[in-house]
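Heads up: the structure comes next, in structure tokens.
The values are calculated or read from the model by the stated rules, or taken from the named source; none is laboratory data. Note that the coordinates shown come from a computational prediction; the quantities given were computed from them, not determined experimentally. Cβ sites come from the backbone with ideal geometry, for glycine too, and all protein chains shown count toward neighbours.
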Amino acid sequence: MPLQKYDILLAFKVIALSDKLNGTEKQVAAALIDSYNRRTGRCDPSLETMAVWLGKSRRTVIRAIDRVVRLKFFRKIRHGGNYHCNSYQPQWEFYRLLERSYRQRRQDYANRFARHEVSPSPGQPCHSSGDKVVTQTCPTNNIPLTYERCPSNRQHYQLNREGLGNGSAISSVRALNSGFFDPRTSKEVVQISAERRWNKELLDRFRHSSVYAAIVEALDHDLQECATQAEVQRVGAGLKYILQELIGRSVLSGFEI
């Protein structure tokens, strides 16, 4: 195959990156490539000349040449050069093959960042038969905000006058965004905060398990109200109440809680 545009540069690259050649063999191979004449195709430096170039003994150069020929970096033609010197033909296609292999390893390693760690499961393509509308429990969707925006100092003063500035109730109403005072009572605010807590606990605990769908489907309005009241009385009691109720109704039979 004829010499291509970047073959000599590619040959130096492959020789330098080779893990099969030692330092002296790389020097000898590079000297042979450097001796290649692009116009005539000749590559026939004498052993004495190469020994002087590289500062090596003649015997060392001979051993290195035998090694690079045996590894197919060059093809030796005995007495094929000027003055009956040996001629050495660089194996351009072999260099291209090694360079493609090296480039592919680099690309494969770089692609490790592009692989997505996803579940092998294809997922459910559509809703189950008999599926029905249920209450959405995601806390970022169905829980109303208490305040649109942080209240002003004047509004803080009004909160304190109405008994909401003691630090316990006010801490549960800081989802703030509009500029006007929310007319809901402190009791409503506490209930909203309690509902948000058991919703979040339910989502955090079961979102990656198959039992989550069964719990959501069984959450009717009465059960949610009772869970919220339990959560108001004691933090963490809302989800516990839901699980106890659903176990009593045999809804969670066969699931590991």
Pairs where the first residue, in the stretch 49-62, is free of Cβ contacts under 8 Å to residues at least 60 places away in the same chain and not assigned by TED's automatic domain parsing to the domain that holds Gln27 and the second is surrounded by 15 or more Cβ atoms within 10 Å (Cβ to Cβ) and in a helix (DSSP H, G or I), C-beta under 7 Å, 6+ apart:
none
Taking only pairs six or more apart or across chains, which ones have beta-carbon atoms under 6 Å, a first residue in the stretch 224-248 that is under 15 Å from Lys200 (Cα atoms) and in the same structural domain as Val211 (by TED's automatic domain parsing), and a second residue that is buried (at least 19 other Cβ atoms within 10 Å of the Cβ) and basic (Lys, Arg)?
Glu231/Arg197
Does at least one position in the stretch 40-60 carry a residue that is under 44 Å from the mean Cα position of the chain (by Cα) and assigned to a helix (DSSP H, G or I)?
no
Looking at the stretch 90-99, is at least one residue part of a helix (DSSP H, G or I), in the same structural domain as Ser35 (by TED's automatic domain parsing) and either at pLDDT below 90 or over 36 Å from the mean Cα position of the chain (by Cα) (or both)?
yes
Could you list, in sequence order, the residues of the stretch 13-50 that are within 15 Å of Glu99 (Cβ to Cβ) and surrounded by fewer than 16 Cβ atoms within 10 Å (Cβ to Cβ)?
Lys13, Ala16, Leu17, Asp19, Lys20
